[in-house]
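Structure first, commentary second.
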Amino acid sequence: MIIIVIFLLSMFFFENKTYSFISKINIKNLRYNKNNNNKYHLFASRDLRKISSFVLDYSILFNKQKIRKRKFNFFNVCSNKMSNMDNIKEQKENDGCGSLEELIERYVCEISSLIERNECIKGIDDEDLKKEFMENEKLLQDKKMKLKDLYGKPSEELKLVENRTKLENLVKRKFFYTNSFEIYGGASGLFDYGPSGCLLKSELENLWRCHFIYYDEMLEISGSCVTPYQVLKTSGHVDRFTDLMIRDVVTNDCYRADKYLGDFLKAKIEELKKKNTKEGEHVEEKEKKQKRDDDINENKENNDNNNNNNNNNKSNYNYNYDMIGGMQNGNETLIQKIELILRKLDGMNEEEIKEIIKEYDIKSPLKNDLSDPFPFNLMFQTKIGPKDDNTEDKNKEKCKNVDNNKNLNSTNTNNNMNNVAFLRPETAQGIFVNFKKLLEYNGGKTPFAGAQLGLGFRNEISPRNGLLRVREFQMAEIEYFVNPKKKNHEKYYLFKYLMLPLYPRDNQLTDGVVIKNMTLEEAVEKNIIANEALAYFLARTYLFLLKCGINKDGIRFRQHLKTEMAHYANDCWDAEILTSFGFIEVVGHADRSAYDLQHHMKYTGANLYACEKYNEPIEVEYVKMIPNKAKIGNTFKSEQNKIYSCLNEKTNEELLIIDEELSKNNKYILNVSNNDSINNECKFELTRDMLSFQKYKKKVQEENFIPNVIEPSFGIGRLIFCILEHSFRIRRFTDDKEERQYLSLPYKLAPIKCSILSISNNKAFYPYIKQIQMLLNQYNISSKIDNSSVSIGKKYARTDEIGIPFAVTIDFQTLKDKTITLRERDSMLQIRISMSHLVDIINSMLHAKKHWNEYIAQYGLFTQQVLDS
């Protein structure tokens, strides 16, 4: 009775409202407890009454009612994990506004705005502006310290592996995506997006456009998916766009070498760890048994024989213990060796992979021998038009051979490949071939960025793991064209203080540690990141991933090993996201130098130079190369033209390096790219007597250069997969076996923004349902109506499953005063508002202008309908 009275009194303080909108939780005790969102939760310990699972914002409710904080104890009946008490203070300071990732993004936005403002007013002789500048500087230091603290806080723990099957069932049941042509048995590596998946993909692409294209005024194009043979031959894709493949020598089943070996070695590590655990348990059991024997022997006085046996037993046991300990240490050493191999695997060549297969005696899944690794070209080949090719039959025959890379090279001549084309493996080439038009559109000014969203195609050897490895996929790519002498970005200073989780190549080859306490500015100064422009796009990508709802502790930026970089790259960093399958590359960042433009210009003769004009003439040092043609011709014969062509493409700085090297060592190794061979390069040894150089200075008003390119490349499908995994949540109830699954998607990404529900299927509600939908449609807020006869709780569960963040409920009070309830997905709390306020409230939260807690404070929690006249 006492507990009932306490409960009723507490309800009185909440303006006589009862929590009627949720179900199946038994009230047992009232205590207060704190979680990572500064929420206090109602705990139930005895069967007093049924209410639904919900989250109360303790501070807002009690401040609103102007009563002292009472020592109620609340229990978290949601799936969100309770965290330590330290998070409470931080959340109070931030008004409970969102997740850790949202707070980081918000702080970065505020800091960048302050930096930009101070940059504008710095140096202006105005007292008010000087005062504002100083205040901003103090505020900046304070916010940077808070941001640094946020970096150190752990994100919400994700049970990715444990929840994978449940998420897969949800994705299928709600038709986010499915295997293409499923009724015919499906097609490996091809997927169809359903209604929810299409909307999610569309929202993600819109968010990407806003975050990158609109923010940096990029120039977007949409190019053709079918690409002529010569374009991709010139870019190097025909010869080098390959993965190493192995095959079962008996069944001829094919596998991608690095992935197959990676799976095998990971399984080997797990096997060794289990073995260590069993050996450790064996040692512990023997220790206990020996201790019991020792105790018995010690109690036997005056028995020398027993004492001697006891001593012998001890020495034998110690010998066995040392032996087992040695075995464990041996296993640990082997585990470390395999982990190092895994970190190097992506960059290994054919010989290295062959050695690993031999060393670990790796077999096919059917226990058959595996072939030596060989390159497999990943592009889909097709034809443009009906024109016959006299090599067509030969090509068809050769395509049966698994090594189709040799097939491509054996038929690649200008005469018989005019109508051959490929489905594009990347969207980048469409931007490169239109570079001159984009430059003119931009008024001839550099730097600038081109961007493109579109399909890419790669004939994956063994597609699997859902959207992670497919043969047709949506890409979003940026090509940032910049002067090679000035690889910077005008907005770099706004983000150089960010501390990203960096995984440099040196760490991958040694201790495997991810650097988390280094700013981008430090990383550039230490030459860990090659240049400011590359660092800028790493920062922008990091913020974009946080905006997409990716857990901050599930992100790392891994630098490519030198052996695994693409043929066109100087430096590469992959944004990798933790999934149930481990870390997966989702965004690639490459410094492509001038590789693509140089090769397209060389083959076509097109002028793909950019020009930088100076305000005043400047003096530039030039280097003129004077080759000894007789010496070079006698030495290299028919290869001499390749040498001249390569030397003519060198910049002044590169020619000076060659001159210095020749003077120092009397020789220089010239690497010449070879598009006519699978081998990446030909090497020629030049001597001092073959080349001489003449230096001279000249005043110029402008400088021509071939732009270098910084390229961020996003895999949209992979990102969707990661977003779904990181947003998947489960609500569990204390007295109910039922669990409710939902997607805690960021509001901006939610496929549908608002559901329109009725408390029952009473026909009197229909006009209001349509009225609200029309109101939302006017402001482009997507909605979904559910006026079925199921309970309101089930309607909420349906909308939560597809990540709808807001739910409008029309009830009998709506008929009376035209007010409605608005429910938020993650907290499950409701407020009662006028229909006329609905659009403003939803829009403000979609654009992060206000937080849900602020509206709870403004309107109070809705608990029950008021039907009295």
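Computed quantities for the displayed model
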| read-out | value |
| --- | --- |
| Cα gyration tensor shape of the stretch 752-859, rounded if a/c is under 1.5, else prolate or oblate by comparing a/b with b/c | rounded |
| Gain on full stretching of the segment that runs from residue 209 to residue 604 - 0.36 nm per residue minus C-alpha separation | 139.0 nm |
| Amide hydrogen neighbours beyond the local backbone of residue 691, cut-off 5 Å, H modeled | 628 |
| Extension reserve of the residue 486-residue 649 stretch, reckoned as 0.36 nm per residue once the Cα distance is removed | 56.8 nm |
| Fully extended contour minus Cα-Cα distance, from residue 518 to residue 779, at 0.36 nm per residue | 89.6 nm |
| Amide H contacts of residue 448 (H built 1.01 Å from N, under 5 Å, at least 5 apart or other chain) | 481 |
| About the Cα centre, charge dipole magnitude for the stretch 752-859 (Lys/Arg +1, Asp/Glu -1 at Cβ), debye | 220 |
| Packing-based exposure ordering (other Cβ within 10 Å, fewest first) of 760, 638, 580 | 638, 760, 580 |
| Values of log10 I(q)/I(0), in the order q = 0.11 Å⁻¹, for the stretch 134-227 under a Debye, Cα-only, solvent-free model | -0.70 |
| Kirkwood Rh, angstrom, the stretch 136-290 [1 / mean 1/r, Cα pairs] | 23.2 |
| By average C-beta atoms within 10 angstrom, highest first, the peptides 840-853, 425-438 | 425-438, 840-853 |
| Computed E for residue 687/residue 562 - FRET, C-beta separation, R0 30 angstrom, nearest 0.05 | 0.60 |
| Order by protection proxy (mean Cβ within 10 Å, highest first), peptides 515-525, 569-579, 461-471 | 569-579, 461-471, 515-525 |
| For the stretch 456-461, Karplus couplings with θ = phi - 60° (6.51, -1.76, 1.60), whole Hz, Gly/Pro x | x, 9, 9, 7, 3, 5 |
| Neighbour-count ranking [beta-carbon atoms within 10 angstrom, fewest first] of 514, 587 | 514, 587 |
| Listed pairs 552/795; 146/496; 337/363; 383/602; 486/699 exceeding 22 Å between Cα atoms | 552/795; 383/602 |
| Residue-count net charge about residue 749 - beta-carbon cut-off 12 Å; Lys, Arg +1, Asp, Glu -1 | +2 |
| Least to most buried among 709, 250 (fewest other Cβ within 10 Å first) | 250, 709 |
| Rounded if a/c under 1.5, otherwise prolate or oblate - the stretch 100-152, Cα gyration tensor axes | prolate |
| Long-range amide H partners of residue 829 with built H, under 5 Å | 55, 824 |
| The stretch 593-738 - Rg (one decimal) and Dmax (whole number), Cα, Å | 25.6, 92 |
| Ordering of 795-806, 613-624, 816-827 by packing [mean C-beta count within 10 Å, highest first] | 795-806, 816-827, 613-624 |
| For the stretch 698-745 and the stretch 177-210, distance of Cα centres in Å | 16 |
| Shape call, the stretch 178-241: gyration tensor on alpha carbons, a/c limit 1.5 | oblate |
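A short reminder: the numbers here are calculations on the coordinates, not readings from a lab. Remember, predicted model here, so these are calculated numbers, not experimental data. Counting neighbours? That spans all protein chains shown, and the Cβs are built from the backbone with ideal geometry, glycine included.
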